[in-house]
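Just below is one structure, and these are the notes that go with it.
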Amino acid sequence: MHTITDVDKYTVEDVRHVNDSTYVLQFSRGGMEFKPGQHLNLGTKGSGQHREYSIYSSPDNSSIEVLIKLVDDGVVSQQLRNVQPGDELSVKGPYGFFLTDAKPKKGEKLLFIASGTGIAPFHSFIMSYPEADYRLIHGIRNINEAYDREHYKADRYFACTSRGNKGDFNGRITDYLLSGQEKKADKVYLCGNSSMIYDAMDILRAQGYRHDQLFTEVYF
Ligand SMILES: Cc1cc2nc3c(=O)[nH]c(=O)nc-3n(C[C@H](O)[C@H](O)[C@H](O)COP(=O)(O)OP(=O)(O)OC[C@H]3O[C@@H](n4cnc5c(N)ncnc54)[C@H](O)[C@@H]3O)c2cc1C
C-alpha cells in the first residue's frame, strides 16, 4: 500500500460549508490509497500543527474529503477553515483499522452509531458500499447538523436530536437505544465523543451484545 509522506503534494480544491460551524474540506488525493474508516493527520502547510480527521469521501473518488467541526478556540479546525483553493496541506496517513473489517457480507446487518462529525467514517463506507445492510443512527443537537442526510437512503438514516425536535427521535442516542426500538444487528460500530460511546456501549452490552460485536473510534 502506498503510504503518504510529505513527499506527496496535497492542494486544497474546495471548502464547502454544511452549516455555520461545520465544513467539508476537499483536496487533491495524490497517490493515496485508503480504506473507508481510516483517518489522516492533517494540518496547514508549515504550521507544524496536525490533528486526526476521518476520511469522509470514498476511495472511488478522485479527491479526498474530510468533514470538520469548528471547535471554539480550537487551533487546527480554525486554521483549516481559512484555507483557499490552491493552498498546500500537510497530510500524513492513512492510519487506523476502524471499519476496515466491515466489508459487507450477505445477510450481515450493520448498526452504525455516530455523534456529530463521527458520521464521517460511515459516510465513506456507505458511499463505497451502498448495497450494505446498515442502519445509521446519528446523534446531533439540531437537525441542521444532519450533514448531507440526502446521501443516505431515507429508511437507513435516523437522526436523534437532543435539543431541537425535528429529528426522527427527540432525545439523545442513549435514550433511543434504551427505548429498545432499534432491531438487533450483527455488528455495531460507534464513532464520536467518548461519553456517548461509553454510555451506548453499556446499554448495548446490557441488551445482549457481545464484546466481539462492538467496535469503537473515539474522537475526543
Ligand atoms: C481518530 C480521530 C478522528 C477524528 N476525526 C474527526 C473528524 O472527522 N472531524 C472532526 O471534526 N474531528 C475529528 N477528530 C477530532 C480532531 O482530531 C480534533 O480534535 C478537533 O478538530 C479539534 O482540534 P483543534 O485543533 O481545533 O482543537 P484543539 O486546539 O486541539 O483543542 C480543543 C478542545 O476541543 C475538544 N474537541 C475536539 N473535538 C471536538 C468536537 N468535535 N466538539 C467539541 N470539542 C472538541 C478537545 O478535546 C480539546 O479539549 C478526530 C479525532 C480522532 C482521534
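Data table
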item: Qualifying residue in the range 97-111 (condition: in a strand (DSSP E or B), β-branched (Val, Ile, Thr) and on the phi < 0 side of the Ramachandran plot); result: no
item: Residue 13 surrounded by fewer than 19 Cβ atoms within 10 Å (Cβ to Cβ), assigned to a strand (DSSP E or B) and modelled with pLDDT of 95 or more; result: yes
item: Conditions (1) more than 23 Å from residue 67 (Cα to Cα); (2) without any contact (Cβ under 8 Å) to a residue 12 or more places away in the chain; (3) assigned to a helix (DSSP H, G or I); number of the one not met by residue 150; result: (1)
item: Residue in the range 31-49 that is out of contact with any Ser or Thr (no Cβ under 7 Å at 6 or more places or on another chain), at positive phi and either among the β-branched types (Val, Ile, Thr) or without any contact (Cβ under 8 Å) to a residue 60 or more places away in the chain (or both) present; result: yes
item: Filter result for residue 159 (closer than 29 Å to residue 16 by Cα, touching a strand residue (DSSP E or B) at 6+ places or on another chain (Cβ under 7 Å) and assigned to a strand (DSSP E or B)); result: yes
item: Any hit, the range 175-188, residues being in a strand (DSSP E or B) and within 25 Å of residue 105 (Cα to Cα); result: yes
item: Residue in the range 91-107 that is surrounded by fewer than 16 Cβ atoms within 10 Å (Cβ to Cβ), free of Cβ contacts under 8 Å to residues at least 60 places away in the same chain and of a type in the set (Ser, Thr, Tyr) present; result: yes
item: Pick from the range 183-197, criterion over 19 Å from residue 211 (Cβ atoms), surrounded by fewer than 22 Cβ atoms within 10 Å (Cβ to Cβ) and not hydroxyl-bearing (Ser, Thr, Tyr), ranking: nearest to the ligand (Cβ to nearest atom); result: 193
item: Pair list, Cβ < 8 Å and 6+ apart or interchain, from the range 62-77 residues that are in the same structural domain as residue 193 (by TED's automatic domain parsing) and within 16 Å of residue 219 (Cα to Cα) to residues that are more than 6 Å from the ligand (Cβ to nearest atom) and among the acidic types (Asp, Glu); result: none
item: Within the range 137-156, considering residues that are within 15 Å of the ligand (Cβ to nearest atom) and surrounded by 19 or more Cβ atoms within 10 Å (Cβ to Cβ), the one nearest to residue 58 (Cα to Cα); result: 147
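Per-residue answers, yes or no, for (1) within 14 Å of the ligand (Cβ to nearest atom); (2) at pLDDT below 95; (3) in a helix (DSSP H, G or I); (4) closer than 18 Å to residue 147 by Cβ:
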| site | (1), (2), (3), (4) |
| --- | --- |
| 77 | yes, no, yes, yes |
| 86 | no, no, no, no |
| 91 | yes, no, no, no |
| 94 | yes, no, no, no |
| 113 | no, no, no, yes |
| 121 | yes, no, yes, yes |
| 124 | yes, no, yes, yes |
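The values are calculated or read from the model by the stated rules, or taken from the named source; none is laboratory data. Since this is a predicted model, take the numbers as computed values, not measurements. Please note: Cβ atoms are built from the backbone with ideal geometry, for glycine as well, and neighbour counts cover all protein chains shown.
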